């Protein structure tokens with residue numbers, strides 16, 4: 001059986017995004033995302049809150065552009081990515097490990113919940129990389145056919161081949 005590595009979070013940026021550029025022209029953006037939960041303590045009756053901090057690495061070119069242009073400290077976002085642990089060495093040569101949520105590839109999603117135009121704008125890394133200020137719904141996912149998928153129709157709407165007859 002296949003496994004699943006998917007992380008979905010809604011939270012606020014705790015700092016402005018940090019963008020790094022590479023010699024080959026590629027870029028990544030690093031985010032610190034805070035997710036909070038609150039509850040009422042049963043014994044004392046007082047309100048309690050716990051905040052978790054998440055490291056997010058945005059590696060998809062289109063999404064990095066959105067992060068650079070529109071996200072700032074305090075921005076509320078929804079993300080979908082994968083959990084990944086990487087090994088690195090500190091200045092003393094000691095092995096260190098960092099676990100982060102990585103947004104890369106066709107399943108990466110970034111939705112600005114307090115978007116640049118006041119509404120939520122959905123961004124995904126499917127090769128389009130459209131900006132959040134573009135006209136339309138802000139959903140830049142391509143169809144299965146445009147991605148080279150297994151679509152069976154060459155053109156026309158979905159319901160062109162459907163019969164209006166109920167089979168029972």
**Prompt:** Quick one: residue 79 ticks every box in (1) crowded, with 17+ Cβ neighbours inside 10 Å; (2) part of a strand (DSSP E or B); (3) at pLDDT below 95 bar one, so which box is it?
**Reply:** (3)
**Request:** Can you tell me which residue among 75, 92 is farther than 15 Å from residue 8 by Cβ and touching a residue at least 12 places away in the same chain (Cβ under 8 Å)?
**Result:** 75
**Request:** Check off (1) at pLDDT 55 or above; (2) loosely packed, with under 13 Cβ neighbours inside 10 Å for residue 111 and give me the number that stays unchecked.
**Result:** (2)
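Residue by residue, here is whether (1) surrounded by 11 or more Cβ atoms within 10 Å (Cβ to Cβ); (2) at negative phi; (3) assigned to a loop (DSSP other than H, G, I, E, B); (4) without any contact (Cβ under 8 Å) to a residue 60 or more places away in the chain holds:
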residue	(1), (2), (3), (4)
32	yes, yes, no, yes
54	yes, yes, no, yes
62	yes, yes, no, no
96	no, yes, no, yes
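The values are calculated or read from the model by the stated rules, or taken from the named source; none is laboratory data. In this text the structure is predicted, and so the values were computed from the model without any measurement. FYI the Cβ positions are ideal-geometry reconstructions off the backbone, even for glycines, and counts take in every protein chain you see.
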